1. Before we go on, tell me the buried accessible area for the A/B pair, both chains summed, 1.4 Å probe, in Å² to the nearest 100.
2. How tilted is helix A:297-309 with respect to the longest principal axis of chain A? Cα atoms for both, answer in degrees (0 to 90, nearest 10).
3. Going Cα to Cα from B:LYS30, which lysines come in below 28 Å? Please leave out same-chain ones fewer than 8 positions away.
4. How long, wide and thick is chain A, going by the Cα atoms along their three principal axes, in whole angstroms, largest first?
5. Would you jot down the residues in segment A:26-52 that end up with at least 20 Å² less accessible area in the complete protein assembly than in the chain alone, with a 1.4 Å probe?
6. For segment B:1-115, what log10 I(q)/I(0) values come out of the Debye formula at q = 0.10 1/Å, with one point per alpha carbon and no solvent?
7. Simple spin-label model, 7 Å along Cα-to-Cβ: A:PHE8 to B:LYS284 in nm?
8. Where in chain B are the DSSP H helices whose alpha-carbon span along the long axis reaches 24 Å or more and whose Kyte-Doolittle mean is at least 0.5?
Amino acid sequence: MIPELPLFPEQASTMAGPVDQLYFFLIALSAFFSLLVAGLIIAFSIRYRRRRVRLERPEDFGMLQLEIGWTVLPFVLSMVIFYWGAMLFIDLRRPPADSLEVFAVGKRWMWKMQHLEGRREINELHVPIGQPVKVTLTSEDVIHSFFVPAFRVKQDAVPGRYTDLWFEATKPGRYHLFCAEFCGSQHARMIGQVIAMEPADFQAWLSGTERGAAPVSMAEAGKRLFTDLGCVTCHQTDDSGRGPSLVNVAGSAVELSDGSSVVADSAYLRESILRPQQRVTAGYQPIMPTYQGLVGEDQVLELIAYIESLRDRGSTPLGEVTQRKTEAATEGTAG
Amino acid sequence: MTPDPSSRTAVNYLNVDYGVRSWLLTKDHKRIGFLYLVSITVMFAIGGLAALAIRLDLLTPAGDLMGDDTYNKMFTMHGVAMVFFFLVPSIPAVLGNFLIPLMIGARDLAFPRLNLASWYIFILGGGITLYAVLTGGVDTGWTFYTPYSTEGSNTNVTSAALGVFVSGFSSILTGLNFLVTIHRMRAPGLRWLRLPLFVWAQYATSIIFILGTPVIAITVLLVAVERSLDIGIFDPALGGDPILFQHLFWFYSHPAVYIMILPAMGVVSEIIPCFTRNKIFGYKFIAVSSLAIALLGFLVWGHHMFVSGQSVNASLIFSFLSFAVAIPSAVKVFNWTATLYKGSIGFEAPMLYALGFIGLFTIGGLTGLFLASLGLDVHVHDTYFVVAHFHYIMVGGAVMGYLGGLHFWWPKISGKLYPEWLARVSAVIIFLGFNLTFFPQFVLGYLGMPRRYHVYPPEFQVLNVFSTAGASILGFGYLLPIVYFAWSMRYGKVASANPWNAAGLEWATPSPPPPDNFAETPVVEDDPYGYTRIDPGEELQVA
């Protein structure tokens, strides 16, 4: 049997091609300079090897011109590479507005995935091809890193905060998902798969029809938690409760008791659930107890999905929350 | 050339006194350098055995040799021993200690007692770390990332961190000693621009020791504090920030890379003129580039954090500065290459190491550009590409430089010659073994194999087998110098004062030098590397 010896990873996302172009350019550049230096060393070593007769060389031949040349040329080249890499990075860091949202929580030693429509997965992530997918990441314990080599994307999942990455898969298949940040005993076993599917297949999978009962959406699950945890006793749909109403809060600017204001993004909502005393809405008493330890990161995400679904005029599609944030911030509506 | 008979009988630093006491209480910089040589060789052996275990385990995708936790402890031991207890002290503490006073015409370092204290602190730190390893080990990796190190790991993190903390003071005091010595104790006429480039490199390194090491010391201490007292600094569950740790850690640990490579560059800058019989090309540019690297090196730490959640703007700035720091390194490579032009080039073992250094450092530096490129780093970050890159710098660069320097100055250190042909063969074995070990790892990394993986998908196996085969050759190559250096101490041919016909004040003393180095303080009247004035027909003394 001839063993497998791949030398180059599969290209399965829209960013894989552009990233690889820079890679090949740098290989060509590196090969050129390595061969130049090695070639000169070998040529000089042969031509000027130690012999009885000694060649005299003029002192400091062309020194200044050479020094300037080999300082300026590498600098110019490196700025070209810098610019190229920076442009790629900005593309990689900026999810398109129409991205499908999914959530991944790292936990020693597995990935827990959630889809807004309610399907949950462990160590597998189903995604459609031809559509950008934004993965929001966090961790239950230590730092993990979400790495899909075939898509050329990687992002650390940091406990206590949300990070994200995005990709657009280009061909159906199963791709390695690795944890790339050392996280303890079974770090190397914290691996999974991203399964890219045709959009129709993905929709069928997402609605869970192959399993019978349709899954409960994240917002719906969040609503149940909201009731079960007793949140609803203080946070009512109008401002009559002991806590502020949460209708239209997500993405809006919130006035705080210290006079400043904050945009109620998912990071703020998460903090308000787990460390409510940190930044209290103006006009309310700091009486909310912490839910740290009572809810897991996956449940926090469900609560946030529910809060984001609380709109007074019909329901807002969740994909638009990101855009709404900036608009809401300028409007200055308080929660 | 016949050996100088006086060096056999004359009092030198080795035969002036015998017995354990005379070594453990010595204040002679040469003896202290020798103490470091022995200590870091032990650490190198420990780190090397761990590397061997890692490579053997990676022969199979299932990692059949050891369990998960054992593997994690092995790579941690490898990293901690090699970085903190071998590479950081290697050239400065061994060759720097031995050579700086000799090169500047001084009788010792400015603070001989402090110098001995530095060694004891180093031994204490190393001892604490070895204790941590022997009583169960540490599994955080040498990077001690939080919150894993403070909350997640149930291994001996606290004692290992204390070991690193303690040994840091050894670096700080050594750096201080070197800076004061270079400023205050240069021989008459030895102006700054007449200093050997090795001394310039040590000067730049000392700046990093003094400015950087306190930061790592306080950082690992904070880890120990958070771990033992539950004071929230880095752990978000306690209200801390895990990314803060990464900033503090890399603020030292990136400059630490330059602690490892700058002295090696200094060694190469001494060897190349000697074996080309040429004045070094671009002396001022090489000297200034060392300082530029030391200073710019403090401003690039964030390039380890492009996927950590650091802001895009910060990443852009760190990427830009990382490209900037590549320039002085490139300048050095071109200057060394130009020094070969119209030389009279000999290929004794030190020169083979120096040429190997240039080749491997060039590849290591160029692959650094891949990592500094933001969009590309996202893919290769924390993969074997990074592992390959920094081994090209630290092993291909720093260790090749260290071995080249040991061979070059061995006649001065020991008073004996090492076996030249065996040394040349070893240098070639090490060069080939190194490339076979680490080149496949670039490919593995781009394929997506993450670092610190004990088990891996089967399609990565062939490249891992190449790497392990290379590591076996490399390990054998490293054994040879250890054996023949030890052998030559007793059985080697007696070295003359200047077997390489080299310029530099250290060669003006007998081999080995007397306890006080110079009977009379030398007066320097020329620029360094006056090789054009040495008769080319003269033979070198080799065994």
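The values are calculated or read from the model by the stated rules, or taken from the named source; none is laboratory data. Because the structure is predicted, anything quoted here is derived from the model rather than measured. Neighbour counts run over all protein chains shown; Cβ positions are idealised from the backbone, glycine included. Each accessible area value is taken on the protein alone, full model and side chains, heavy atoms only, with ligands, DNA and RNA left out. Shrake-Rupley method; radii C 1.70, N 1.55, O 1.52, S 1.80 Å.
1. Counting protein atoms only, the buried area is about 7800 Å².
2. 60
3. B:LYS279, B:LYS412, B:LYS416, B:LYS493
4. Sorted from largest, the Cα extents of chain A read 100, 59, 38 Å.
5. So the qualifying set is A:LEU26, A:SER30, A:PHE33, A:SER34, A:VAL37, A:ILE41, A:PHE44, A:SER45, A:TYR48, A:ARG50, A:ARG52.
6. -0.48
7. Between A:PHE8 and B:LYS284, the simple spin-label model gives 4.7 nm.
8. Sorted by number, the helices that extend far enough and score high enough are B:29-57, B:112-134, B:157-184, B:197-229, B:242-276, B:312-340, B:349-372, B:420-447, B:461-491.
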